[in-house]
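*Asks:* To start, I am sharing the structure in question, which I have written as structure tokens.
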Amino acid sequence: MKKKLIITFILMLSISSRVFAEISIAHAIDFKEAIAIALQNNDEIIAMKNALSSTERDIGIARSAMMPKLRVGEDFISTNNPAQVFALKLNQTRLSSADFAGAPGSFNSPGNITNFLTYGMLEQPIYNKKALVAMKMSKVQYSANGYIYLRKQEELIKNVSQSYLAIGTAQEYAKVAQQGLKDSREHLRISNVRYKSELGLYSDVLRSQTEVVEAEQRLVSANKNLGVAKRSLGLLLGGQESIEISNSTPVLELKPIDYYKEFAVHRNDVRAMEINVENAKNNIKLAQADWYPTLNINASYNLYNNSYPLGAEGNNYIAGAFFKWDAFDGNKRKYETLKAKDKTNEAQAYLSGLKKAVDFKVFESFAGVNEASKNFELAQAALKSAEEGERLVRKRWQSSLSTFVDVLDAQTNLDRARANFVKSGNDLKAQLITLYFESGVIKEELKLSEK
């Protein structure tokens, strides 16, 4: 019951209208705003929310097997069956001594009779072991699906976070490409000045022109990648437009690996699998429930009329109890029980495998964070070296102490170092987010659980 209340509360918090799908976002959204919009409008999340709601309906469907059933109806019959004619006249209270006058000939050929039967019927199960187990299983399955839904939310948060970072990386790549184009044009200008002043070679001018063209190509590609990244985020947010971001991301920190391993064993999909194992055990009880008898009571009240519906020439009631026990069913119960036990062992094996896989994923992600952190440090050092190297080579070229080829190489090295610095910084954040996701603490680490 506690699990169900938690899941229901989460669903109530997440229900909202799909405003984003209908209007454009006119402002640059920040990191947490992007996640909030995605949790409200992402099509897959909405589909899973509806699937979870339908699973909750299964609880009511299962409960209905133990609830009273009330049925009302109107039946019409026309017959010359001797037994039916006699019974219907009796129920209509129209049987008289005249009906016996020609016996037995009048009994054998009674003629045709019509009857309208108006009835109300009540049936109440008293004991049905299978229905009780089925209702329990539906509740357990709803709880498991609730954890699967929460895990899907975490996956969406990871995807949105990494897509947000990808836009930041693409923006910086575009800035680097723009700066590279600006530097290339400056090289071309200086080459032309030096050539006209007979201090440089015409080949330097040609190389500068080639450098400008290549820089323009890099800028075109960078802008294309940026546009795709923005549209990709829009798709995750449930829309069809490109998204502008404020490029503000939360500060992410790394904790010891034992912290992540401690939480990983309680990841939502692990919880869901544990509950599925529990339900697999309940399935054994469901198979064994056929060994138990069932007991129902029912009652009906009937109105009979010869000429029109809803009439009451005669009336009566029927009440009774029905006890049933299948003493032998051809060993069906036996094999269903054995099958359920096999399914339980299967679920336990999957759970064991999932726990091992989660432990490995945490280890792998933690190693990825350490690698990304070291690469970021190296990228910082490489950028400083490239900036200084490009400055020195450019000064030497302007003083005719270096060739233009050296300038081009230095500029290419600087552009590469700038792009790699931005990429490695966002790669580190992306690896941290992956680690949070794999250990099941992404909402807590991004401070989203309080929303």
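The values are calculated or read from the model by the stated rules, or taken from the named source; none is laboratory data. Predicted, not measured: the structure shown is a model, and the values here were computed from it. All Cβ positions, glycine included, derive from the backbone under ideal geometry; neighbour counts span all protein chains shown.
*Asks:* Out of 384, 341, 356, I need the residue that is over 30 Å from residue 280 (Cα atoms) and among the basic types (Lys, Arg). Which one?
*Replies:* Numbers: 341 fails: over 30 Å from residue 280 (Cα atoms); 356 fails: over 30 Å from residue 280 (Cα atoms).
Result of the check over 384, 341, 356: 384.
*Asks:* Can you tell me which condition residue 49 does not meet? The list is (1) more than 30 Å from residue 244 (Cβ to Cβ); (2) surrounded by 11 or more Cβ atoms within 10 Å (Cβ to Cβ), and all the others hold.
*Replies:* Of the numbered conditions (1) more than 30 Å from residue 244 (Cβ to Cβ); (2) surrounded by 11 or more Cβ atoms within 10 Å (Cβ to Cβ), the odd one out for residue 49 is (1).
*Asks:* Just for the range 294-327: of the residues that are in contact with a helix residue (DSSP H, G or I) (Cβ under 8 Å, 6 or more places away or on another chain) and assigned to a strand (DSSP E or B), which one is nearest to residue 132 (Cα to Cα)?
*Replies:* 294
*Asks:* Looking at the range 161-193, which of the residues that are touching a helix residue (DSSP H, G or I) at 6+ places or on another chain (Cβ under 7 Å) and without any contact (Cβ under 8 Å) to a residue 40 or more places away in the chain is farthest from residue 235 (Cα to Cα)?
*Replies:* Taking the candidates together, the pick is 192.
*Asks:* Separate question: If I ask for residues that are surrounded by 12 or more Cβ atoms within 10 Å (Cβ to Cβ), without any contact (Cβ under 8 Å) to a residue 24 or more places away in the chain and not basic (Lys, Arg), which ones from the range 291-337 would you list?
*Replies:* 315
*Asks:* Can you find even one residue in the range 351-359 that is under 28 Å from residue 70 (Cα atoms), out of contact with any Asp or Glu (no Cβ under 9 Å at 6 or more places or on another chain) and either acidic (Asp, Glu) or surrounded by 12 or more Cβ atoms within 10 Å (Cβ to Cβ) (or both)? Step through it out loud before you land on a result.
*Replies:* Taking the range 351-359 as the starting set, the residues that turn out to be under 28 Å from residue 70 (Cα atoms) are none.
Among the residues of the range 351-359, not one is under 28 Å from residue 70 (Cα atoms), out of contact with any Asp or Glu (no Cβ under 9 Å at 6 or more places or on another chain) and either acidic (Asp, Glu) or surrounded by 12 or more Cβ atoms within 10 Å (Cβ to Cβ) (or both), which makes the answer no.
*Asks:* Let me ask something else about it. Taking the conditions exactly as written (touching a Leu at 6+ places or on another chain (Cβ under 7 Å), under 30 Å from residue 427 (Cβ atoms) and not polar (S, T, N, Q)), does residue 277 satisfy them or not? I'd like the intermediate steps shown before the answer.
*Replies:* Details: touching a Leu at 6+ places or on another chain (Cβ under 7 Å): yes; under 30 Å from residue 427 (Cβ atoms): no; not polar (S, T, N, Q): yes.
When the stated conditions are applied, residue 277 does not pass them.
*Asks:* If I filter the range 234-267 down to residues being of a type in the set (Gly, Ala, Ser) and without any contact (Cβ under 8 Å) to a residue 60 or more places away in the chain, which single residue comes out as surrounded by the most Cβ atoms within 10 Å (Cβ to Cβ)?
*Replies:* In the first step, residues of the range 234-267 are kept if they are of a type in the set (Gly, Ala, Ser); the result is 234, 238-239, 242, 246, 248, 264.
Still in the running and without any contact (Cβ under 8 Å) to a residue 60 or more places away in the chain: 234, 242.
Numbers: 234: 21, 242: 18.
Across the range 234-267, the extreme among qualifying residues is 234.
*Asks:* Give the residue that is surrounded by the fewest Cβ atoms within 10 Å (Cβ to Cβ), with candidates limited to residues of the range 30-46 that are of a type outside the set (Asp, Glu) and either in contact with a Gly (Cβ under 9 Å, 6 or more places away or on another chain) or modelled with pLDDT of 95 or more (or both).
*Replies:* Within the range 30-46, the subset of a type outside the set (Asp, Glu) is 31-32, 34-42, 45-46.
Those left that are additionally either in contact with a Gly (Cβ under 9 Å, 6 or more places away or on another chain) or modelled with pLDDT of 95 or more (or both): 37-38, 40-42, 45-46.
On the way: 37: 22, 38: 26, 40: 19, 41: 20, 42: 24, 45: 20, 46: 17.
That would be 46.
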